[in-house]
Amino acid sequence: MGLCRSWRSLRWQGSNPAFSAWIGVLFLGLSLAQTVPPEAVCPAVAAPSGLTQAGYQKQTVEEISGFMEDLVQSFLNTVQPKPFPEELILRAVKDPEVLNTDFIKEVLLYEVGFLVCVAIGVLYVVLMPLVGFFLACCRCCDNCGGKMYQEQTSSTHCRRRTLYWGAFTTTAIILAGNICMFISNEQFKVSAEQSPSQLSKSLENIHTFLSAVPQEVHNVTRESFKTVDEVTRNLDDIGPQLGKEIQKGFRGTLDPALQSVRLLDQETLNTSVELNHLNSSLARLESDVDRIQGNLTAVRDRINQTLSDPNCRSCDMMKPELNKLTLDTSVNIPSLNELQSAVDEVIKTNLTSKIKEVEDYFDSIPQTVTDETRGVVQSSKKQLGDIKTQISKVTDDLPLSALSNISDSLEQVQKEIDKIQPESERAEQIRYGVSLALCCAVLLVVVCNLLGLVLGPMGLTAKADPTNRSCTADCGGTFFMMAAGFSFLFSWLFMILVLLLFLLGGNVFTLVCRPWSDGQLLKFIDTPGLIPGLEIGPSLGLKTDLNISDIYSDCQDNQPLWTTLHLSELVNLEDLLNVSKYTEQIQQLFDSTDISLSGVTLLSPEVKDTLSSFSLKATDLDSTQVTQQMNNISSINLNTTADQLEVAARTQPDPIQSQLIQQAEDLRKIQADIEMTIIPQLADINTTINNFQSVAEKINVTVGEVLSNVGAAQDFLNTNTSQIVKAKSRVFLDCQLSYFMVYADWANITITQQVGRCGPVARAVDSVQTLLCSNLVEALNAFWFSLGWCMIFFIPGIIFSIKLAKYYRRMKESDAYDDHHILMNHIPRPQMVYK
């Protein structure tokens, strides 16, 4: 009978159901790629970290043309208050042959505001040079102020001041417009210079986004591959994982039982050692007592012979003392012999080897699990490879190729931009130079007016004769005439430029920028059939027809592509990642799988009887007898007899006296030998017996614990082995299920809420709008508006300049005015006067 029998290995019964169950378990085990230590079946499941955002170019496009934005837009809204002409554009795009008289009339009717402004501009262009030409001719004929004569009246100074402040106000207004021209020209230059780089950044950000979306999808798929690899490692390590967890289920009850058996084995060995020590001590004591008894018997015989000598006086009285000269050499403890037999029986069971045998077989459970499941693991690995292939097909269902095509198109656009950028920079330099020349031409008129306003009053004497005006005043008047001449010369040419820029910038604002800002342009682009091939939904294989405006609105909210492109119509993600439809079936199959361990007998009935007998013998140990025998030996005192012999020797004759004294000395030597040899041994034996009694009491307690713990462990194993195996197996299943559920939730959230957040696309589109409308178009409109502003105020500027010039120029004929009479000095007129 041994301490335990062999444990039977793990047994999988039912090949087909078990195989199906494991395939289900492995599919559910698409878990996170986390390192699982061999000591734990299911570590804490943590979702993978979020997707790494792609690195986008930082764009800081600011609106730099807002100083005249409200004024110009208010003017353009007045010129064109009508809404975006969707119907006209659709008719022109869908049917180019519709460009007939009626259609042209509708277009002209829509553009009536611009046509009115153009008509005014054309009238300006036509009339301004004609008026200038006729005015010049009239002045050559001494008309229209050409005659160098100025009538002096009481209101002359009042009219001069009125004309002066009118010219000053007009010049200030023209100067303000000219300053706006310089500012808008500079801002257009800045916008034009930063536009290529900002546009390249926008295209690069869109390209980065389009490249990042497939990478993000592949990252999600790669996480599933990591999960499959992790499940594969779990299967390769199924013995250490599941086997050790089964071991842990038994150790709580089995370890105390084995520990108590180890303690009993150790105490049995200690008891055997104590018994051997006690037996050797008793044997040594018996040998020494026999030796001393022999010596004592020899001395007693000599004393008896001396006392029997006829010459010994009164010696018969000493003979009774001779009976005390003896030692009891029998030190016998019957219970020790019985206990020794019981200890020997326990030792014969070899508890140490039996414990080691149980532990070795108990530790072999992980390897047994590995060996028994090797075939299932290999088949499962093959299925995992098929699962990898199946999951990788998810990327085929998503329209990633369309994104790649768009990315390629953007690369071509970027190349074209890079190609024409040098030419555009040179064109911008030419434009900037021409615009700067226009600004300087207007500034020349302003400077001439300002010089006239400064020099005229500076050199004018109020009561001076008009023919005697100073050179300074005359120069001021001349500058007024120069300003009027330059105005006539440049204004009609500048107005032509104003008309062209007005038509260009105004229509771009009303037809592009204004509907773009309020969303009408994107909704118009969404019109079916407007742009061939722009059917986004059908091109992606969707049932829903997507439109640009909705996509742009979602991208402004930084929505993922799953929501923006309605990808749920292409990929049934809920069905792919739904684990509930597998759970019940897999659990039923796994529960029907029989993973059993054989029963085990920790202690046979014979061993229990041996231990009970051992405990009983230890309890029955009686040391009273040996203690009494030791007390008898230790109570012997030969010195008393020796003293009596010495007292008796004093009255004896010489030979007898010497013999008695010698014999008394021999008794004292034997007593000394007893005290030096026997007494220490008796003390040691007494200590050994006391210690042994303590060990015997512990043995009784230990045997009781062994029988109790082993009985509890035996009952636990007999009733709970199957439940423990099933519970640990369920934990292993739940662990794989929890892995997959966490991955499924993460993948679902990641794909539907994180993959392809299109905020960068909306920001790129907004930056293009800012570059085109808020910067370039606004700067262009501000320039032609400022230039037209100056051209309009050239008209009163010309009138005030020509009228005011005569008040500062030196006249050829004088007109003296007094409060009482007018004195007119006639000066011979030259043949031709032209000033």
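Heavy atoms only, probe 1.4 Å: what % of the accessible area of the stretch 152-246 goes to carbon and sulfur, would you let me know? C and S fraction of accessible area: 62 percent. For the residue pairs K415/K523; K105/K201; K244/K354; K226/K726; K248/K354, the alpha carbons lie more than 32 Å apart in K105/K201. The residues of the stretch 449-501 expose, per residue, 44 Å² of accessible area to a 1.4 Å probe. A full extension of the chain between I799 and T563 corresponds to an added length of 78.3 nm, given 0.36 nm per residue minus the alpha carbon distance. Computed from backbone phi, the HN-Hα couplings of the stretch 650-665 come to 5, 9, 9, x, 4, x, 5, 4, 5, 5, 4, 4, 5, 5, 5, 5 Hz, rounded to whole numbers (Karplus: 6.51 cos²θ - 1.76 cosθ + 1.60, θ = phi - 60°; Gly and Pro given as x). Between T677 and N276, the FRET efficiency from the beta-carbon distance, with R0 = 25 Å, is close to 0.70. Along its three principal directions, the equivalent ellipsoid of the stretch 436-531 from the Cα gyration tensor extends over semi-axes of 53, 12, 9 Å, largest first. Comparing Cα centroids, the stretch 638-702 and the stretch 443-509 end up 155 angstrom apart. Simple spin-label estimate for L115 and N405 gives 4.3 nm between the two label positions (7 Å along the Cα-to-Cβ direction from each Cα). Taking packing as the residue-averaged number of other Cβ atoms within 10 angstrom, the listed peptides 250-262, 786-798 run from highest to lowest as 786-798, 250-262. Measuring r between the beta carbons of A727 and E357 and using R0 = 25 Å, the FRET efficiency lands at 0.40. Computed extension length for W165-T253: 20.3 nm, one decimal, from 0.36 nm per residue of separation with the Cα-Cα distance subtracted. With the simple spin-label model, which puts each label point 7 Å out from Cα in the Cβ direction, the C137 to A172 separation comes to 3.9 nm.
Maximal additional length on extending the E423-L123 stretch stands at 104.4 nm, based on 0.36 nm per residue less the C-alpha distance. Taking label points 7 Å from Cα along the Cα-to-Cβ direction, I496 and D684 give a separation of 14.0 nm. Per atom type, the stretch 682-739 shows carbon and sulfur on 51% of its accessible surface, probed at 1.4 Å.
On a per residue basis, the stretch 172-230 carries 36 Å² of accessible surface, using protein heavy atoms and a 1.4 Å probe.
The values are calculated or read from the model by the stated rules, or taken from the named source; none is laboratory data. As the structure is a prediction and not an experimental result, all values here were calculated from the model. So basically every Cβ, Gly included, is an ideal-geometry build from the backbone, and we count neighbours across all protein chains shown. To get the accessible areas, we keep the full protein, side chains included, count just its heavy atoms, and leave off ligands, DNA and RNA. Shrake-Rupley method; radii C 1.70, N 1.55, O 1.52, S 1.80 Å.
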